[in-house]
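Asker: My questions all concern the structure below.
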Amino acid sequence: MEAPPVKADLSAWLAVAAGTLGALMATLDISIVNSALPTIQGEIGASGTEGTWVATSYLVAEIVIIPLAAWLQRVLGLRTFLLIAASLFTFFSMICGWADSLTMMIIGRVGQGFTGGALIPTAQTIIAMRLPREQQPIGIAAFGVTAVMGPVMGPLVGGWLTENVSWHYAFFLNLPVCIALLLLLILGLPHEKSHLGEFAKADWFGIVGLALGLGGLTVLLEEGQREQWFSSDLIRQMALVSAFGFVCIGIGQKYAVRPVIQLKLLLDRQFGAVAVMGLVLGMVLYGTSYVIPQFLASVANYNALQSGKIVLISGVPSLFMMAIVPILLKRIDVRVAVFFGLLIMGVSSLIDTGMTMGSDGGDFVDSQLMRGVGQILGMLFLSQACVRSVPRELAGDASGLFNSVRNLGGSIALAGIAIIQDNRLWLHTRRLEETLHANSVLVQEKVRALGGLVRAAPQLEAQLQLQALVMTYNDIFRIMGYGTLIVLPLVLLLRPFSNEAAPDVPMH
């Protein structure tokens, strides 16, 4: 790869703008459905637990494509690859906007994930290719804003469109954005010759294995609770599909000239620790941006726009902190930054374990502000640690694997949330029912106050279900909080950055 120029010209900055815009669009669409999900579920006929597929299917497809991005770029050339990805992303966005069934929505979301996921790591590639090293911190800061702001802006944008126009426009919005993106790509990136012969050298075992292994595992986790786990033919089949996929990945690791995903990097002490912490932070980042709108909609009766505003709060400190990113990277020890990032993220989740039936968006303000600080310290330094923990020629593979692991954390979180909701809601409901005895003076007074047993029974049942739901959400926040704190000791495995080195950008 040619060295970046000494000083970036206009076309270079147009290319960086294209990469940043593409990454923003891709990360925005991860969570743009979260606050609008209750409305979407009602219109496409999906249950609450089935609705998690609308978010999960996008993440799973991203997990598969992100490690493939570097290879596809080599095969097609960067500009051609991005033009194809952006065009197909627009097409699948239109399918989502036109969807009138859960199946059609999932097809569109999978397509969005496959094509949008390619736009995230390639944004970092553009920074490395088109900007000189001393100007790369500006590009890194711009990319960092998109990586952090995309998921938190999604619920607000989706909520505003749902309340003021229609949820369909949360997807139709991508049409004008993609037109601008295509124009920037044409102006900012030179055409590169394709190397279609690389298809023959591809790690096809690894490619097929990623799709089958991760896809099958996600279906197993999502549907396992509803299908009574291994008593279901579907779950047994998905377990076999997933196992076959992981075997294929293993074959690719052993025999491929260049495996599509470099799992051997996980054996490195520092990179392995970074991957585990990235997995947990992905669970908290995507888990909270999903759970908070659901809580506010079902408990506080918030509409999609109101929920989106609460989620956006975590982006406020992140946006301000990005201005000092280059200084942070040079002045703060990575171990200290990641430790406090994880600690703040964990404590912010534990703060949310005290919710009641009277809680509303105001009760999430403090934890959301803390979350914004924690995710910058955690994600920003971990993303740098991942590429600095391996030889420079493997930095692109490390970045792809790290981003895949982070998204895998989000996918596991969403699947786990559905399982926990089913189990804990049932448990808390039964436990609350056990405390309500017909001979209880308080119960009898409540029944009389509500106008007799016939009128009181449905109201008591509704209150009981709501209380059980609040307790379930508190359990989810508690698990995310403790899970984050458990991995804190892994920061001891990290190595400090060199004070003289500029921030690294992975070279794909």
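The values are calculated or read from the model by the stated rules, or taken from the named source; none is laboratory data. This structure is a prediction, so every number in the text was calculated from the model and none was measured. Here the Cβ is made from the backbone with ideal geometry for all residues, glycine too, and neighbour counts use every protein chain on show.
Asker: Residue under question is PRO176, and the condition is that it be in a helix (DSSP H, G or I) and either assigned by TED's automatic domain parsing to the domain that holds THR52 or modelled with pLDDT under 75 (or both); does it hold?
Answerer: Yes: the conditions hold for PRO176.
Asker: Can you tell me which residues in the stretch 18-55 are part of a helix (DSSP H, G or I), within 20 Å of ALA85 (Cα to Cα) and β-branched (Val, Ile, Thr)?
Answerer: THR20, THR27, ILE30
Asker: Can you tell me which condition ASP100 does not meet? The list is (1) touching a residue at least 60 places away in the same chain (Cβ under 8 Å); (2) over 19 Å from the mean Cα position of the chain (by Cα), and all the others hold.
Answerer: The failed condition is (1).
Asker: Also, quick follow-up: Going through the stretch 159-180 one residue at a time, which ones are of a type in the set (S, T, N, Q) and under 9 Å from THR90 (Cα atoms)?
Answerer: ASN174
Asker: Might you let me know whether the stretch 73-92 holds any residue that is farther than 28 Å from SER194 by Cα, β-branched (Val, Ile, Thr) and at pLDDT 90 or above?
Answerer: No, every residue in the stretch 73-92 fails to be farther than 28 Å from SER194 by Cα, β-branched (Val, Ile, Thr) and at pLDDT 90 or above.
Asker: Checking GLU445 against (1) modelled with pLDDT under 80; (2) in a loop (DSSP other than H, G, I, E, B), which single condition isn't satisfied?
Answerer: Of (1) modelled with pLDDT under 80; (2) in a loop (DSSP other than H, G, I, E, B), only one is false for GLU445: (2).
Asker: Please work out which residue is nearest to the chain's Cα centre (by Cα), limiting yourself to the stretch 477-508 and to residues that are assigned to a loop (DSSP other than H, G, I, E, B) and modelled with pLDDT of 60 or more.
Answerer: Ranking the qualifying residues of the stretch 477-508, first place goes to VAL487.
Asker: On the given criteria, is LEU240 farther than 24 Å from GLY278 by Cα, more than 23 Å from the chain's Cα centre (by Cα), modelled with pLDDT of 85 or more and assigned to a helix (DSSP H, G or I)?
Answerer: In short, yes.
Asker: Conditions first: (1) out of contact with any helix residue (DSSP H, G or I) (no Cβ under 8 Å at 6 or more places or on another chain); (2) at pLDDT 75 or above; (3) in a helix (DSSP H, G or I). LYS193 passes all but one, so which condition is the exception?
Answerer: Unmet condition: (3).
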